[in-house]
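Nothing in this text is a laboratory measurement; each read-out follows from the coordinates by a stated rule. It should be emphasised that the depicted structure is a prediction, and the values quoted were computed from it without experimental measurement. Here Cβ is always computed from backbone atoms with ideal geometry, including for glycine, and neighbour counts include all displayed protein chains.
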Amino acid sequence: MAKPGYIVDSHCHLNYGGLEEQQADVVARARAAGVGCMLAINTKLREYDEVLQIAETYPDVYGTVGIHPHEAENEPDVAVPALIERTKHPKIVGIGETGLDYFYDNAPRDMQKVNFHGHMTAARETGLPVIVHTRDADDDCIEMVAEEMKKGAFPGVIHCFTASQKLADAMLEMGFYISLSGIVTFKSARDLQATAKTIPLDRLLVETDAPFLAPVPHRGKVCEPAYVMDTARFLADLRGESFDELQAATTENFFRLFSKATPPVALEPSA
């Protein structure tokens with residue numbers, strides 16, 4: 001596999017506090033570090049315009065449309081057509097983030113499920129990947145994705161994966177990708193590190209979830225997309241792969257999954 005010369009941060013929040021105030025500098029530092037593309041994630045439909053503006057401002061940033069499970073009670077009436085309509089913009093390449101969070105339970109679980117179903121429907125109807133947040137909800141997540149898959153297959157990714165081997169195996173079986181954040185670099189993340197070794201290289205993505213979860217050696221700092229390089233280097237060592245191999249694979253995987261996005265012209269992978 002040819003080395004593309006850059007890596008992708010497949011999940012970040014450039015409109016969140018800590019990054020928004022220095023957005024241009026954050027993007028510049030990412031580029032300088034070798035990050036050739038960033039995916040800005042929408043978590044509240046009322047903030048969709050912010051995400052879209054960021055994607056329109058920077059040629060190497062794409063966006064998504066979606067409602068985080070924490071927001072399922074605050075934005076309960078968004079219909080599938082409202083999601084689909086917003087995907088018509090050329091820089092909006094994914095649906096989410098959505099899913100289930102039973103750790104915080106910031107929204108009633110039944111409302112989270114309705115929200116999740118709607119996003120998967122939109123993913124199936126548009127062909128765009130659904131970005132899934134799941135925490136302490138493995139069984140329900142598996143059941144719901146399987147239920148929706150019976151209606152017709154759709155692409156997706158479990159972002160910031162921290163769950164069980166069972167969830168990883170089930171999602172991979174259903175064609176999903178797995179994205180790992182800086183959490184995998186934490187000393188306490190032994191189980192996650194073991195699971196990370198089992199993910200096929202052609203289904204692996206890397207992300208920061210910035211401004212959260214800064215990887216070692218940046219723990220305690222505001223996370224930013226440049227730090228995805230540290231997670232990638234750690235993963236390559238953990239999995240016994242060269243950095244170039246992991247960099248090339250995760251970049252190729254991103255553009256395969258988010259097929260509406262295109263590599264930056266100046267950073268096209270070499271033949």
- Which of the pairs 166/260; 113/151; 91/150; 113/166 have their Cα atoms more than 25 Å apart in this structure? 166/260; 91/150
- Message: So if I take the alpha carbon set of region 119-227, get Rg, then get Rh from the Kirkwood formula, what is the Rg over Rh ratio?
- Response: 0.99
- Item | Net charge dipole size for region 7-267 [Lys, Arg +1 and Asp, Glu -1 on Cβ; Debye, nearest 20] | 500
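Rounded if a/c is under 1.5, else prolate if a/b is larger than b/c, else oblate: which is region 134-189, with a ≥ b ≥ c the root eigenvalues of its Cα gyration tensor?
Details: a/c = 2.83, a/b = 1.97, b/c = 1.44.
Prolate.
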- Task: Place a label point 7 angstrom from the Cα of residue 110 along the Cα-to-Cβ direction, then list the residues of region 149-170 whose backbone nitrogen is under 14 Å away.
- Result: none
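Evaluate E = 1/(1 + (r/R0)^6) for residue 198 and residue 174, where r is the Cβ-Cβ distance and R0 equals 22 Å; express this FRET efficiency to the nearest 0.05. Can you show the working numbers first?
Values: r = 16 Å, r/R0 = 0.73.
About 0.85, to the nearest 0.05.
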- Label-point separation, residue 46 to residue 256 (7 Å along Cα→Cβ), nm: 4.0
- Report, in debye and to the nearest 20, how large the dipole of region 36-183 comes out about its Cα centre when Lys and Arg carry +1 and Asp and Glu carry -1 on their Cβ. 400
- Item | In region 72-153, the trypsin sites (Lys or Arg not before Pro) that fall in loop regions by DSSP, at most 15 other Cβ within 10 Å | 88, 150, 151
- Convex hull (Cα only) mean projected area of the chain, reported in nm² to one decimal: 12.9
